[in-house]
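**Student:** Attaching a single structure in structure tokens format; questions to follow.
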Amino acid sequence: MKLCYQVATPDVAIADSVTAYQGPLQKTFGDIAAYGYDGVELMTIDPGKLNWDEVRQTAADLGLVVGLVCTGEIYGQLGLSFADPDAGRRREAIDRVNGIIDFAASQNAKVNIGRVRGQYRPDVPREQTEEWAVEAFRAISDHAAPKGVMIALENVTIMQTNFVNTMAEARRIIDMTGRPNFRAMMDVFHLNIEEKDLYQAIRDYADINVHVHLCDNNRRYPGNCGLDFEKIIQTFHDVGYDDLYSTEVFQFPSMEECAKRSIAYLAPIFQRVYGREPRV
């Protein structure tokens with residue numbers, strides 16, 4: 001078990017909507033290590049603008065792992081997706097994700113697929129949207145496989161996309177894609193909205209889950225609102241999950257306070273459930 005905090009690389013435009021710690025990497029990585037986290041989950045758009053060796057070495061010098069690299073802002077800030085009716089824009093989305101896969105391989109990290117998968121549209125048959133998306137999923141998985149990179153399809157609430165909201169839908173798309181390195185990840189914020197029983201969903205889909213996002217049911221830091229994180233983390237532990245957890249939250253009242261309050265709340269829970277705290 002390791003606890004990570006989401007950090008945006010400098011190529012991501014600074015915005016309140018970004019669910020990540022932002023700033024120069026030396027400072028952001030240094031802060032996250034000082035707060036007691038085991039690692040970082042990176043949000044990036046154009047990793048070609050980064051010095052990959054510097055990213056890896058900065059993390060290593062601070063004792064941090066780079067657990068996963070997110071692709072969401074390819075859609076959020078560029079508007080690109082795998083389900084765009086324009087073939088050129090679909091190709092650009094694939095190319096950008098493949099660039100992130102190359103970067104993730106250099107960091108020994110997984111890659112998340114969230115909003116970049118796209119949406120169902122009223123002017124496009126649902127079967128066509130799924131065909132385009134699955135073609136893209138196979139293409140990026142095949143690009144990632146020789147590099148040892150795992151792709152993690154995230155369950156996302158209907159408030160952000162209408163395509164793959166539940167874990168049952170995620171399993172169906174994973175089966176259609178048919179690639180062993182194309183799996184799922186669970187975000188408890190989305191699970192809480194889309195599943196009838198988030199604890200049963202954790203149990204039922206443990207076999208395809210490779211990563212976990214933690215945030216409260218108001219999208220703020222854990223412990224800020226109503227989710228029972230002791231029970232959530234205990235359920236993940238009970239199904240044998242002992243991999244990375246990452247906080248993915250809106251940075252209110254400030255990114256510093258969010259990072260500090262998240263680990264202050266979660267560390268004792270991890271101690272009780274896993275018998276160890278982060279950085280131990």
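The values are calculated or read from the model by the stated rules, or taken from the named source; none is laboratory data. As the structure is a prediction and not an experimental result, all values here were calculated from the model. When we count neighbours, we look across all protein chains shown, and the Cβ atoms used for this are built from the backbone with ideal geometry, even at glycine.
**Student:** Taking the range 30-81 on its own, how many of its residues are of a type in the set (Val, Ile, Thr) and within 13 Å of Ile100 (Cβ to Cβ)? Give the derivation first.
**Tutor:** Restricting attention to the range 30-81, the residues satisfying the condition of being of a type in the set (Val, Ile, Thr) are 32, 40, 44-45, 55, 58, 65-66, 69, 71, 74.
Filter once more, keeping what is within 13 Å of Ile100 (Cβ to Cβ): 44-45, 55, 66, 69, 71, 74.
Total meeting the criteria: 7.
**Student:** Which residues, counting only those in the range 12-35, are touching a helix residue (DSSP H, G or I) at 6+ places or on another chain (Cβ under 6 Å) and at pLDDT below 90?
**Tutor:** Val12
**Student:** Condition first: out of contact with any Gly (no Cβ under 6 Å at 6 or more places or on another chain) and more than 19 Å from Tyr5 (Cβ to Cβ). Can you find one or more residues in the range 249-269 that meet it?
**Tutor:** Checked against the condition, which is being out of contact with any Gly (no Cβ under 6 Å at 6 or more places or on another chain) and more than 19 Å from Tyr5 (Cβ to Cβ), the range 249-269 yields no hits at all.
**Student:** Restricting attention to the range 20-31, does a residue exist that is over 27 Å from Asp242 (Cα atoms), out of contact with any His (no Cβ under 7 Å at 6 or more places or on another chain) and among the polar types (S, T, N, Q)?
**Tutor:** Checked against the condition, which is being over 27 Å from Asp242 (Cα atoms), out of contact with any His (no Cβ under 7 Å at 6 or more places or on another chain) and among the polar types (S, T, N, Q), the range 20-31 yields at least one hit.
**Student:** On the given criteria, is Gly226 farther than 23 Å from His143 by Cα, surrounded by fewer than 21 Cβ atoms within 10 Å (Cβ to Cβ) and at pLDDT 95 or above?
**Tutor:** It is true that Gly226 is farther than 23 Å from His143 by Cα, surrounded by fewer than 21 Cβ atoms within 10 Å (Cβ to Cβ) and at pLDDT 95 or above.
**Student:** Inside the range 229-261, can you point out the residues that are under 15 Å from Thr28 (Cβ atoms), surrounded by 14 or more Cβ atoms within 10 Å (Cβ to Cβ) and of a type in the set (S, T, N, Q)?
**Tutor:** Listed by number, the residues that qualify are Ser246, Thr247, Gln251.
**Student:** On the given criteria, is Asp142 in contact with a His (Cβ under 9 Å, 6 or more places away or on another chain) and within 23 Å of Val66 (Cα to Cα)?
**Tutor:** Numbers: in contact with a His (Cβ under 9 Å, 6 or more places away or on another chain): no; within 23 Å of Val66 (Cα to Cα): yes.
It is false that Asp142 is in contact with a His (Cβ under 9 Å, 6 or more places away or on another chain) and within 23 Å of Val66 (Cα to Cα).
**Student:** Counting only residues that are more than 17 Å from Ser246 (Cβ to Cβ) and aliphatic (A, V, I, L, M), which one in the range 175-194 is surrounded by the most Cβ atoms within 10 Å (Cβ to Cβ)?
**Tutor:** Top of the filtered list is Ile193.
**Student:** Mind checking whether some residue in the range 120-137 is in a loop (DSSP other than H, G, I, E, B), at negative phi, touching a Gly at 6+ places or on another chain (Cβ under 9 Å) and free of Cβ contacts under 8 Å to residues at least 60 places away in the same chain?
**Tutor:** The answer is no; no qualifying residue exists.
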